[in-house]
Amino acid sequence: MAKVLSNTPLAPGIYLLTVEGTYRARMGQFYMLRCWDSYPVLSRPISVHDISPESISFLYRAGGIGTHLLAKLQPGDSLQLEGPMGRGFPEPEGRTAIVGGGMGTAPMLLAARQLPEAQVFLGFKDAPFGVSPFQDIHSNVTVVSGGMIADHIDPACYDTILACGPVPMMEALAYKTEGSSAKLYVSVEKRMGCGIGACNSCAVTINGTVRKVCTDGPAFPAKEVNWIDLLSL
């Protein structure tokens, strides 16, 4: 159990939850959160947005029952956290780009903090949100609103690209990196039940085999992802 420090709305339905305590996580990992007793039955998987010596933060959208309950949390309230979970992004090699689209920016702030030399690209369908923390860390941040962020990235300029966002955005990046030397890793989102690989609810096809997003991912090499499988979710 942990104490809520703040739960700030950044845009309609989008919140930044900061929790007191000392935590650890690699970029791309997640925690299972709950602030209720019996219903809903399952905790909610939320990617780690950022970590400081005294706190951990989560950027999330209130879309279902569980996240709407999280959105009601006030400073001083308690919630339960389990983690870190998942494998997250691998350590990149060489020149690195960090790409976040919409809510896919959520796990990328921690990546930006852990990779201070990387170039950051953030894309939004509508008005940007949560951009200033990236700009506080990096002087080289490109923000695109209303367009396709993949159009602004030249894979030839990078050895490694780490991306999270809507499936069409990540698929576009995958096509752009075909034939280049850049290694693209994408963070895959799917509904989870347990977060520890027991329930099989987050199974996806990776490199022709069934893998679990919660334990084998959520980050995978883009060249191994079955995009038709993800687009059908």
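Overview of values
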{"quantity": "Difference of contour (0.36 nm per residue) and Cα-Cα distance, residue 227 to residue 159", "calculated": "22.3 nm"}
{"quantity": "Cα-based convex hull volume of segment 107-164 per residue, rounded to whole Å³", "calculated": "82"}
{"quantity": "Tensor-based shape of segment 30-83 (alpha-carbon gyration tensor, a/c under 1.5 rounded, otherwise prolate or oblate)", "calculated": "prolate"}
{"quantity": "Pair-distance profile P(r), taking every C-alpha pair of segment 149-233, with 10 angstrom steps and integer %", "calculated": "19, 49, 25, 7, 0"}
{"quantity": "Within the accessible area of the chain (1.4 Å probe), percent carbon and sulfur", "calculated": "50"}
{"quantity": "Contour excess over end-to-end distance, with Cα ends at residue 68 and residue 205 and 0.36 nm allotted per residue", "calculated": "46.3 nm"}
{"quantity": "Packing-based ranking, highest mean first, of 146-158, 187-199, 212-224 given that Cβ atoms within 10 Å are counted", "calculated": "212-224, 187-199, 146-158"}
{"quantity": "Qualifying lysines (Cα of each under 21 Å from Cα of residue 72; at least 8 residues distant if same chain)", "calculated": "3"}
{"quantity": "Shape category assigned to segment 89-191 from the gyration tensor of Cα positions, a/c cut at 1.5", "calculated": "rounded"}
{"quantity": "Mean separation of Cα contacts under 8 Å (6+ apart) over length of the chain, as relative contact order %", "calculated": "18"}
{"quantity": "Ordering of 57-68, 133-144 by packing [mean C-beta count within 10 Å, highest first]", "calculated": "57-68, 133-144"}
{"quantity": "Cα-only Debye scattering, segment 1-133: base-10 log of I(q)/I(0) at q = 0.18, 0.19 Å⁻¹", "calculated": "-1.00, -1.11"}
{"quantity": "Extension gain (nm, one decimal) between residue 20 and residue 126, 0.36 nm per residue minus Cα-Cα", "calculated": "35.0 nm"}
{"quantity": "Debye, to nearest 20: dipole size of the chain, +1 on Lys, Arg Cβ, -1 on Asp, Glu Cβ", "calculated": "460"}
{"quantity": "Label-point separation, residue 135 to residue 41 (7 Å along Cα→Cβ), nm", "calculated": "4.6"}
{"quantity": "Mean shadow area of the chain over all directions, Cα convex hull, nm²", "calculated": "12.0"}
{"quantity": "Folded to 0 to 90 degrees: helix 167-177 orientation relative to the chain principal axis, Cα", "calculated": "30"}
{"quantity": "Accessible area in square angstrom per residue, the chain, 1.4 angstrom probe", "calculated": "47"}
{"quantity": "Whichever lysines have a C-alpha closer than 26 Å to that of residue 183, once near sequence neighbours (fewer than 8 apart) are set aside", "calculated": "125, 212, 223"}
{"quantity": "Förster radius 25 Å - calculated FRET efficiency between residue 144 and residue 52 (Cβ-Cβ, nearest 0.05)", "calculated": "0.35"}
{"quantity": "Summed residue charge, Cβ within 14 Å of residue 3's Cβ, Lys/Arg positive, Asp/Glu negative", "calculated": "-3"}
{"quantity": "Where 16, 10, 109 fall by accessible area, highest first, once all protein chains stay in place (1.4 Å)", "calculated": "10, 16, 109"}
{"quantity": "Nonlocal amide H pairs with residue 206, under 5 Å, H built at 1.01 Å", "calculated": "211"}
{"quantity": "Amide H within-cut-off set for residue 145, under 5 Å, with H built and near neighbours excluded", "calculated": "124"}
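The values are calculated or read from the model by the stated rules, or taken from the named source; none is laboratory data. The model shown is predicted, which means the values in this text are computed figures rather than measured ones. Glycine also receives a Cβ, built like all others from the backbone with ideal geometry; neighbour counts cover every protein chain displayed. Calculation scope for accessible area: heavy atoms of the full protein, side chains included, ligands and nucleic acids excluded. Shrake-Rupley method; radii C 1.70, N 1.55, O 1.52, S 1.80 Å.
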